[in-house]
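Trainee: Mind looking over this structure? Questions follow.
The values are calculated or read from the model by the stated rules, or taken from the named source; none is laboratory data. The structure displayed is predicted, hence computed values, not measured ones. Cβ coordinates were reconstructed from backbone atoms using ideal geometry, including for glycine residues, and neighbour counts include every protein chain displayed. Surface areas here come from the heavy atoms of the whole protein model, side chains and all, with no ligands, DNA or RNA. Shrake-Rupley method; radii C 1.70, N 1.55, O 1.52, S 1.80 Å.
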Amino acid sequence: MYNEISLNALLNREGSEGNNSMNVSPRSSDSVSLGLNTYHDIIKAPAVDPLTGLCSKEQFFLLAKDFDRKHPLEGVDAIVLNYNKFHLINELYGRKFGDKVLCAIADCVSETAKEHGGIACRYDADKFYMYIKHQKNYDFLIHQVSDKLAHMMKTPDIRVRIGIYPDLFKDATIEQRFDRAMQACNSISKFSHATSYEIYDSKMHEKEMFEARLLDSIGSAFAENQFSLAFQPKYNVHGNHPKLTSAEVLIRWKHPEFGLVKPDFFIPLFEENGLIRQLDRYVWREAAAQIRRWKDELGYSIPVSVNVSRVDIFDPDIIDYLKQLITDYGIETNDLHLEITETAYTDNVEQIVSVVKELQREGFMVEMDDFGKGYSSINMLTNLPLDALKLDIGFIKDITENNKGKNLLGCILEIAKLLNLTVIAEGVENSKQYFLLKNAGCDEIQGFYFSKPLASTEFRNLLVAEA
Ligand code: C2E
Ligand code: CA
Ligand code: CA
């Protein structure tokens with residue numbers, strides 16, 4: 001779809017082949033000349049972002065590609081600007097004001113791009129892209145896209161994370177260059193307190209290559225059984241002697257080339273591109289099969305908990321899939337506990353509440369994982385369908401006798417009791433932590449103090465030895 005304004009704008013701009021300025025956004029009056037194919041593509045794409053009047057992202061990419069074609073030797077930088085916590089502006093001051101701020105940002109960004117012989121667009125929501133002539137120093141950006149804006153809008157707390165992909169590897173496509181600028185941007189903490197920029201460097205490039213090779217090898221990883229399950233014991237600590245009652249299942253990937261790859265590294269990668277659904281389903285199925293085997297061998301059920309990624313929550317078949325597993329292996333729903341990370345709850349409350357309510361109705365036990373890492377409020381806890389709270393490892397590390405952490409633990413345990421929730425502490429490494437948590441009233445404990453994650457046969461031997 002295109003509109004008259006955009007077509008006119010483009011027609012007016014058709015011009016000199018030799019002009020190597022890219023000031024072609026609908027706000028700009030400079031000229032650009034387009035090849036026939038590009039021209040066709042451009043008039044088909046929406047031309048303008050209706051809110052800000054900047055050129056649309058489709059136009060932006062087409063124009064940037066066209067510039068590259070015409071000026072192959074010109075150094076150009078891809079820049080991503082991500083405005084932190086923009087939703088707070090909408091929530092605090094209303095959407096109208098939020099839109100006003102976005103337009104002011106658009107002005108800033110477009111002016112800055114223009115000054116440096118380039119173009120800008122709003123990529124989505126509060127993310128802006130710039131494609132400008134290569135710069136040796138980027139300090140000017142901080143002032144131009146943040147300080148200046150804060151002054152104009154008198155809006156405190158607008159911080160920008162800026163990722164830059166300079167003209168390093170000429171072989172990358174324009175989309176790849178912006179992906180890399182985005183990686184540089186994401187390498188800056190979301191919680192950073194000042195506007196800052198990061199330049200894509202060879203370390204990030206190596207990481208990207210490593211990730212690409214890992215993703216490439218996922219097919220053979222399934223085919224060659226490179227994934228396996230580890231079981232970390234969970235102990236009930238109510239009585240005089242801790243009692244081994246269940247386990248958490250943790251995935252392990254033994255890669256033929258890279259050796260043991262840590263889940264902390266590949267899980268976020270798989271979450272990004274949707275592969276996590278396949279991986280988690282594999283883990284859940286293997287876990288259900290193992291529960292069945294132990295039931296047959298030992299004559300009783302050992303419940304295990306599996307991790308459920310935030311991405312799985314959006315899978316419309318998740319409930320049917322889990323129910324089918326229970327039927328396929330002839331086990332009970334309360335044999336399979338589901339660990340869902342706290343941040344998944346705060347990211348999409350409505351979706352998760354409806355899925356988890358249904359899961360609980362079916363008889364699955366639901367544990368909130370990593371509690372204390374995110375920002376769930378007490379009010380939220382009272383409204384969530386939950387069976388257990390699993391305290392985050394970072395929280396446990398911070399607790400020592402007589403400090404604030406210990407008082408906070410007391411409060412959490414009281415609330416959990418009121419809400420009828422089991423409290424599990426994970427990452428418990430030493431006897432000091434163990435006794436502190438047990439005496440404070442924790443129900444279950446998991447961590448190196450008792451055991452590292454074990455292979456299934458080792459776990460079974462432990463079960464038999466402790467029975
Ligand atoms: P998590 O669910 O919080 O799992 C606990 C992590 O803490 C595990 O790391 C475990 O080995 C480690 N740990 C246990 N006890 C201790 C301790 O006493 N001290 C210390 N320092 N660490 C301890 P692991 O296995 O590397 O897993 C890391 C994360 O990867 C998990 O964190 C979970 O978020 C994710 N993950 C692992 N397996 C799966 C899976 O099958 N599916 C999904 N979606 N995520 C998984
Ligand atoms: Ca977990
Ligand atoms: Ca955890």
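Residue by residue, here is whether (1) touching a Gly at 6+ places or on another chain (Cβ under 8 Å); (2) outside the structural domain of Met130 (by TED's automatic domain parsing); (3) part of a helix (DSSP H, G or I); (4) surrounded by fewer than 11 Cβ atoms within 10 Å (Cβ to Cβ) holds:
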position: Glu175; (1), (2), (3), (4): no, no, yes, no
position: Asp179; (1), (2), (3), (4): no, no, yes, no
position: Gln183; (1), (2), (3), (4): yes, no, yes, no
position: Ser189; (1), (2), (3), (4): no, no, no, yes
position: His193; (1), (2), (3), (4): no, no, no, yes
position: Glu206; (1), (2), (3), (4): no, yes, yes, yes
position: Leu215; (1), (2), (3), (4): no, yes, yes, no
position: Gly219; (1), (2), (3), (4): no, yes, yes, yes
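Trainee: Tell me, please, whether a residue that is surrounded by 16 or more Cβ atoms within 10 Å (Cβ to Cβ), within 19 Å of Phe450 (Cβ to Cβ) and modelled with pLDDT of 95 or more can be found in the range 263-285.
Mentor: Within the range 263-285, not a single residue is surrounded by 16 or more Cβ atoms within 10 Å (Cβ to Cβ), within 19 Å of Phe450 (Cβ to Cβ) and modelled with pLDDT of 95 or more.
Trainee: Of these, Phe448, Phe459, which one is within 16 Å of ligand 1 (Cβ to nearest atom) and either part of a loop (DSSP other than H, G, I, E, B) or under 31 Å from the mean Cα position of the chain (by Cα) (or both)?
Mentor: Phe448
Trainee: Right, another one. Being under 22 Å from Ile318 (Cα atoms) and open to solvent by 60 Å² or more (accessible area, probe 1.4 Å): is that true of Asp347 here?
Mentor: yes
Conditions (1) at pLDDT below 85; (2) closer than 24 Å to Asp167 by Cα; (3) not in a loop (DSSP other than H, G, I, E, B), marked per residue:
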site: Asp68; (1), (2), (3): no, yes, yes
site: Val80; (1), (2), (3): no, yes, yes
site: His87; (1), (2), (3): yes, no, yes
site: Gly98; (1), (2), (3): no, no, yes
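Trainee: If we scan the range 414-437, do we find a residue that is among the small types (Gly, Ala, Ser), more than 16 Å from ligand 2 (Cβ to nearest atom), within 23 Å of Gln232 (Cα to Cα) and in the same structural domain as Asn240 (by TED's automatic domain parsing)?
Mentor: The answer is yes, given that some residue of the range 414-437 is among the small types (Gly, Ala, Ser), more than 16 Å from ligand 2 (Cβ to nearest atom), within 23 Å of Gln232 (Cα to Cα) and in the same structural domain as Asn240 (by TED's automatic domain parsing).
Trainee: Which one of these is surrounded by 16 or more Cβ atoms within 10 Å (Cβ to Cβ), in contact with a Lys or Arg (Cβ under 8 Å, 6 or more places away or on another chain) and at negative phi: Phe231, Phe227?
Mentor: Answer to the check: Phe227.
Trainee: Here is a follow-up. Can you tell me which residues in the range 338-355 are farther than 13 Å from Ser309 by Cβ and more than 16 Å from ligand 3 (Cβ to nearest atom)?
Mentor: Val349, Glu350, Gln351, Val353, Ser354
Trainee: While we're here: Can you tell me which residue in the range 46-66 is nearest to Tyr138 (Cα to Cα), limited to those that are part of a loop (DSSP other than H, G, I, E, B) and touching a residue at least 40 places away in the same chain (Cβ under 8 Å)?
Mentor: Leu54
Trainee: Could you tell me how many of the residues in the range 312-334 are open to solvent by less than 50 Å² (accessible area, probe 1.4 Å) and not in a helix (DSSP H, G or I)?
Mentor: Of the residues in that region, 3 qualify.
Trainee: Filter the range 356-374 down to the residues that are touching a Ser or Thr at 6+ places or on another chain (Cβ under 9 Å) and away from ligand 3 (no atom under 16 Å from the Cβ), then identify the one that is most open to solvent (accessible area, probe 1.4 Å).
Mentor: Within the range 356-374, the match that is most open to solvent (accessible area, probe 1.4 Å) is Glu362.
Trainee: Follow-up. Applying the selection to the range 378-397, what residues are open to solvent by 30 Å² or more (accessible area, probe 1.4 Å) and more than 15 Å from ligand 3 (Cβ to nearest atom)?
Mentor: Ile378, Asn379, Met380, Thr382, Asn383, Asp387
Trainee: Is it true that Val353 is within 21 Å of the chain's Cα centre (by Cα) and open to solvent by 40 Å² or more (accessible area, probe 1.4 Å)?
Mentor: No; evaluated as a whole, the condition is false for this residue.
Trainee: For the range 335-380, give me the residue count where each residue is part of a helix (DSSP H, G or I), touching a Phe, Trp or Tyr at 6+ places or on another chain (Cβ under 9 Å) and either within 12 Å of ligand 2 (Cβ to nearest atom) or under 18 Å from Ile412 (Cβ atoms) (or both).
Mentor: The total comes to 4.
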